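Please read the structure below before turning to the comments.
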Amino acid sequence: MNLSLKRSFIFLFSFFMVCIIKAQEFQGKAYYFSKTPMDLGRWGAKMSEQQKKQIAERLKNRLEKTYVLAFNQVASTYKEEVKLDAISGATDSWGKNFTPGTQYKNIKTKAFIQNQEFYGKVFLVKDTLQTILWTMGTETKKIGAYTCFKATCLRPKFDLSWYNFSWGELRREVENKTDTIKKPDALHKAEQTPSDDMVEVVAWYTPQIPVSQGPSDYTGLPGLILEVSAGNTTLLCNKIVINPGEKDDLKIPTKGKEVTRREYKTIITDKMKEFRKNRSGRR
């Protein structure tokens, strides 16, 4: 190898090493705001506007939340910023049992780890990071100073709410089981469509921040996801800090009983059934 070629090789090697180091050092923080409209169902029709306003104030901590996503090229942590109730000055202890805990995800190893606390017991939910089948669009819009592109997908309802519990969901599950007993299997399956258990998701990502990260467990796009809407909830990024002065070490959650997402869902559902049974017994 002649001297000139050797120097070129050394230069290219050094350049790529610098790029790798820079990629490892690169870090950012994105702040998201979520808002879910209040749904009072059939009871809402019987309430005055004043009553609705009072309930909205009481539920503000559950309907409006803020989150922080700390990320580098391959990993991220995502957690809620805890706020005090505007009226009582306390945290929402009931809602805390059914909200996402601190989450870690790694797009290289496909690791998904999330702390969950349920009535004082700590769980460590460990699973494989879900692969999302995005459909890329050409529509664009500005979010702050960033040009964003639209992408859509369909996701199972379970993926979006495994940490949550709903009496309505439990009631529908019981009704579906009853229907399955009443109807022949072939007929029952034919009457169901894939969309029954799927939710359309709309995301907006920016290639100006070329990391395949986003809020919650959203990944897989060629740029940071700044906005995502699923069902009646929207997460919108309102602040981004690239290479902040104080680096985040992106700690992996380690405390709690190890379970999968489905195991955790079963645990909290069975516990809520037990609460209801005990309450009915006391009556």
Cross-chain or 6+ apart pairs with Cβ under 8 Å, the range 212-241 first and closer than 21 Å to LEU154 by Cβ and of a type in the set (S, T, N, Q), then surrounded by fewer than 16 Cβ atoms within 10 Å (Cβ to Cβ) and modelled with pLDDT under 95: ASN232/THR36; ASN232/PRO37; ASN232/ASP39; THR233/LYS35; THR233/THR36; THR234/LYS35
Residue match in the range 175-184 (condition: modelled with pLDDT under 95, under 20 Å from the mean Cα position of the chain (by Cα) and either more than 30 Å from MET136 (Cβ to Cβ) or part of a strand (DSSP E or B) (or both)): no
Residue match in the range 108-123 (condition: within 17 Å of THR254 (Cα to Cα), more than 20 Å from the chain's Cα centre (by Cα), modelled with pLDDT under 95 and in a strand (DSSP E or B)): yes
Subset of the range 240-283 that is in contact with a Gly (Cβ under 8 Å, 6 or more places away or on another chain) and in a strand (DSSP E or B) - its residue that is surrounded by the fewest Cβ atoms within 10 Å (Cβ to Cβ): ILE242
Hey, TYR163 at positive phi and at pLDDT below 95 or not: no
Filtered residues of the range 218-239 (kept if buried (at least 19 other Cβ atoms within 10 Å of the Cβ) and part of a loop (DSSP other than H, G, I, E, B)): TYR218, THR219, GLY220, LEU221, GLY223
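The values are calculated or read from the model by the stated rules, or taken from the named source; none is laboratory data. None of these values were measured; they are calculated from a predicted model. For neighbour counting, all protein chains shown are included, and Cβ atoms are generated from backbone atoms with ideal geometry for every residue, glycine included.
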